[in-house]
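The values are calculated or read from the model by the stated rules, or taken from the named source; none is laboratory data. The model shown is predicted, which means the values in this text are computed figures rather than measured ones. All Cβ positions, glycine included, derive from the backbone under ideal geometry; neighbour counts span all protein chains shown. We work out accessible area using only protein heavy atoms, side chains counted, and drop any ligands, DNA or RNA first. Shrake-Rupley method; radii C 1.70, N 1.55, O 1.52, S 1.80 Å.
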Amino acid sequence: MNPHSLELLEYESLLRLLARYTGSPLGRQLVEQARPSSDRQWLDSELAAATEALDYTRSADRATGSRDGPARLRFTDLPDTGGAAERLRIEGSVLDSLEIYSLIALLERASEIRGALLPAAEAYPRLSERAARIGEFRPLLRDLAGKILPDGSVADDASVALARIRRDIERQRKQIEESLDRFVRTHREDGVLQEEFVTVRNDRFVIPVIPGAKKRVPGVIHGASGSGHTLFLEPMETIELNNDLVRLNEEEMREVHRILREMTARLREHAGAIREAARVLGELDYAFAKARFAVDFDAVIPRFSNGEQPRLALRRARHPLLQDVLRRQNKPIVPISLLLDSDARTLLISGPNTGGKTVAMKTAGLLALMAQSALPVPAEEAEFPVFDEVLADIGDEQSIEQSLSSFSAHIVRLKEMVESVTPRSLVLLDELGRATDPEEGGALGVAALEEFRQFGAFTLASTHLLPLKVYGAGTPGVLNASMGFNEDTLAPTYVLRTGMPGKSAGLDIATRLGLPAHMIERARNAMSTRERDLARLLNQLEQRLTEAAAQVAENARASMKLVEREQALEKEAQRQQAQKLKEMEQRAAEAVAQFEAQTRQMMEALAATAEKRKDAEKLQRQAARIKREFEESVQGAAKPKAPPPALPEIREGVRVRLRDVREAAVVRRVHPNGRLDVDLGMLTMQIQASDVVEILQGQRQGPRLPAGVTFTAGPRWDTLTREINVIGKTADEAIDVVDKFLDTALLAEVARIRVVHGHGHGVLRKALGGWLAKHPAVEKFYPASPQEGGTGATIVELKGG
């Protein structure tokens with residue numbers, strides 16, 4: 001990208017703003033190195049990682065204080081280990097204790113982040129992929145843990161020898177202090193002591209004495225005070241003790257150096273993995289800095305349009321640097337929205353001075369650079385082409401040193417832009433045609449815009465000149481836009497509106513800023529009739545556009561109210577329908593209760609005589625079936641059902657599935673009235689065609705009979721199916737099914753059957769036992785053997801079998 005454009009659009013200031021969201025020197029370094037790129041593959045990859053980091057951050061924020069959701073990742077206080085990691089490359093070098101401590105802290109944090117991201121690979125694959133590049137450092141950290149203290153000192157327990165030496169040093173110091181204390185007590189009265197305390201000079205314990213004492217007290221002088229009035233004496237009796245202390249201190253230094261050398265060697269074994277872990281932590285810190293910036297500035301991940309249909313679309317976009325300044329001042333920022341595409345690639349912005357034209361262009365330009373740096377952009381929606389150049393001419397670049405006037409600098413820069421422009425460029429021109437005669441400047445501006453338009457570049461330009469406004473109104477591919485102006489307050493509104501040019505309102509702005517009224521009046525009188533008419537026309541157009549925008553907003557609010565009212569009515573209708581269904585179910589329940597009471601009375605009357613008991617039981621089962629069908633019909637009425645799918649034509653020989661029957665049946669005959677004869681297991685029955693819910697694949701064809709000959713199957717029994725399973729049925733349903741099963745078994749002359757009812761609470765077993773005991777065809781019944789199901793099944797032996 002053009003370095004001059006990066007400077008004009010304050011790209012470096014943006015990076016400094018983003019760097020505030022990093023937590024480590026590694027992340028800040030990557031932010032400082034960020035530059036826009038035209039590599040679409042790299043952009044897609046980096047933006048995907050930024051999207052995952054943003055999703056992770058938001059999920060972690062929502063999960064704060066709970067165990068659900070991902071844990072927050074910490075990048076703050078990460079040490080700068082670049083120098084230490086590089087020194088590991090030098091064989092034989094020994095890191096100092098603080099360097100080792102910083103590397104350990106880095107590896108601990110790397111292991112923590114790796115442990116958080118690897119299990120989340122399904123939700124955050126790109127972040128997890130980067131975390132996977134961090135090595136497994138836990139064994140190394142266990143070996144080094146606790147040996148270096150936060151202040152950089154080596155811990156006493158870093159080795160057995162070091163702990164022993166330091167204990168010896170402590171004992172030696174106490175001996176020296178005790179010896180010196182005795183010396184002070186001995187010479188307290190003879191006037192040789194300057195002060196009664198023990199101090200250290202040249203790593204040896206000494207006592208301050210007066211200058212004349214060196215002849216009176218045997219010992220070694222280790223220096224004098226600045227005034228010369230105090231000498232520091234090491235008494236003769238402590239010289240040997242101090243010598244032993246110096247020797248112990250040297251042993252300590254050698255042991256510490258040995259420990260640091262061993263720890264350095266352990267770290268050197270993982271030097272490459274440590275450098276890679278540092279790189280990954282920097283990349284992740286950078287990615288999560290983007291996420292924290294996006295959360296703080298309500299930014300979105302930008303999209304890139306394809307090359308065939310390029311679009312530059314911004315909705316409620318904000319300049320991040322301006323937003324940061326206004327936020328500190330507790331002031332709101334006015335966002336901008338614009339759309340350029342293949343049909344219109346040039347936007348010509350006019351309007352009042354200090355109205356925000358330059359900020360609008362800078363916003364579009366800086367956000368394009370942010371998008372191509374794979375950064376979130378402050379907007380509700382942002383889509384850009386991938387630009388190969390961003391060319392900007394913003395502000396006054398006059399130079400006395402280079403003998404350039406404002407106009408000359410403007411032309412030089414325009415020339416450079418014309419030479420560099422491509423169809424994939426973004427061109428930003430502030431105050432096009434400025435600093436010269438308005439007529440000539442307007443003509444030059446039209447020529448420049450036409451040049452960039454013919455190249456196919458996306459162009460944003462601001463102007464006050466009439467020829468450019470006319471050009472924007474009558475040229476295909478060029479859109480006029482204006483910055484809003486409040487006629488009542490004579491102040492700009494900073495709202496960008498496309499579709500019409502805006503008036504400069506220079507005299508109105510001058511009035512608001514306090515220029516004397518007589519000067520304003522004189523200026524208005526000096527304006528030509530044509531200029532006043534044009535200004536009045538633009539003012540009327542702007543007023544109408546404002547009114548139209550207000551009407552659109554009012555229509556939107558009215559539409560929203562209608563939608564809310566429709567939703568409220570729909571909710572009320574649902575409530576009423578639910579109430580009606582509840583009442584209907586209540587009435588149905590009452591009818592069922594009444595039916596049960598009447599049925600119970602009939603059963604009691606019929607059961608009064610033993611000979612009618614079986615009829616009573618059958619009638620009871622029939623009543624239970626009627627009750628069940630009644631309840632199902634009521635539930636069906638209460639719940640709307642989708643119409644059943646249309647079935648293909650039912651033919652003889654096809655296999656079908658019947659309603660409420662699990663096993664398939666075979667169609668034997670189709671009657672003209674729509675009824676069907678079907679074989680279901682060992683039974684042949686006649687049903688309604690509406691009882692068929694599915695036609696199964698395949699047919700079971702039987703032999704064809706001569707014309708006029710019919711065949712009716714008699715009772716059959718498959719030895720593999722001499723049992724019936726009633727698990728899951730109610731007692732009444734089970735008795736009904738077993739009753740039919742016994743009838744079929746009797747016709748087939750079967751002597752023994754098995755009824756599988758399961759264990760459960762024994763309800764089915766008891767109900768069936770009571771019923772079988774009264775059945776006239778049952779010889780006896782008993783629980784099955786363990787091999788046949790135990791108490792979960794009942795063996796029934798039939799009479800005459």
message: At 1.4 Å probe size, put R328, R722 in order of accessible surface, largest to smallest.
response: R328, R722
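Report the extension gain between R16 and R133 in nm, rounded to one decimal, defined as 0.36 nm multiplied by the number of residues separating them, less their alpha carbon distance.
Separation in residues times 0.36 nm, less the Cα-Cα distance, equals 39.3 nm.
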query: Pulled fully out, how much extra length does the chain show between Q41 and E439, if you take 0.36 nm times their separation in residues and subtract their Cα-Cα distance?
result: 138.6 nm
query: Under 13 Å Cα-Cα from K582, which aspartates and glutamates qualify once same-chain neighbours fewer than 8 residues away are excluded?
result: E590
- request: Report the GluC sites (Glu not before Pro) located in the stretch 96-140 that are in a DSSP loop and have at most 15 other Cβ atoms inside 10 Å of their Cβ, or state none.
  value: E122, E136
field: Nearest-10 value in Å² for the accessible area of L479, using the 1.4 Å probe
entry: 60
message: Can you tell me how the stretch 1-136 classifies by the Cα gyration tensor, rounded, prolate or oblate, using a/c under 1.5 as the rounded cut?
response: oblate
query: Which of the aspartates and glutamates could a cross-linker span from K331 if the Cα-Cα distance has to be under 18 Å and same-chain partners fewer than 8 positions apart are dropped?
result: D296, D298
- prompt: If each of E240 and L680 carries a label point 7 Å out from its Cα toward its Cβ, how far apart are those two points in nm?
  reply: 11.7
task: Starting from the Cα of K729, draw a straight line to each of the aspartates and glutamates and keep only those under 20 Å, dropping any in the same chain fewer than 8 residues away.
output: E596, E617, E629, E631, E632, D660, E663, D739, D743
Inter-site label distance for A556 and T199 at 7 Å from Cα along Cβ, in nm: 7.9
task: Please sort by residue number the GluC sites (Glu not before Pro) in the stretch 3-98 whose DSSP state is loop and whose Cβ has at most 15 other Cβ atoms within 10 Å.
output: E91
message: Could you put H319, H222, H229 in order of accessible surface area, largest first, with the 1.4 Å probe and the full protein assembly present?
response: H229, H222, H319
message: Between the stretch 62-136 and the stretch 726-762, what is the separation of their alpha carbon centroids in Å?
response: 69
query: Where does the charge balance sit around S38 when Lys and Arg score +1, Asp and Glu -1, over other residues with C-beta under 10 Å from its C-beta?
result: -1
statement: Pseudo-spin-label distance K729 to E262, built 7 Å along Cα→Cβ, given in nm, is 8.1
- request: Determine the alpha carbon to alpha carbon distance for each of K469/K561; K147/K174; K357/K415; K362/K469 and list only those over 29 Å.
  value: K469/K561
query: For D181 and V418, FRET efficiency with R0 = 56 Å and r from the beta-carbon atoms, rounded to 0.05?
result: 0.05
- prompt: P(r) of the stretch 302-428 in 10 Å steps, Cα pairs, percent per bin?
  reply: 11, 37, 34, 16, 2
field: Efficiency of FRET from Cβ geometry, E276 and I90, R₀ 22 Å, rounded to 0.05
entry: 0.75
message: How much length would be gained if the chain were fully extended between V661 and K582, taking 0.36 nm per residue of separation minus their Cα-Cα distance, in nm to one decimal?
response: 25.4 nm
message: How large is the accessible surface of F455 in square angstrom, using a 1.4 angstrom probe and rounding to the nearest 10?
response: 80
FRET efficiency, R62 to D296 (Cβ-Cβ, R0 22 Å, nearest 0.05): 0.85
- prompt: Using a 1.4 angstrom probe and counting only protein chains, how large is the accessible area of S97 in Å², to 10?
  reply: 20
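Mind ranking R173, R413 by accessible surface for me, highest first, 1.4 Å probe?
If we order R173, R413 from most to least accessible, we get R173, R413.
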statement: Excluding ligands, DNA and RNA, the carbon-plus-sulfur percentage of the accessible area of the stretch 49-148 with a 1.4 Å probe reads 48
- prompt: Are there GluC sites (Glu not before Pro) in the stretch 247-340 that DSSP puts in a loop and that have at most 15 other Cβ atoms within 10 Å, and which ones?
  reply: E269, E308
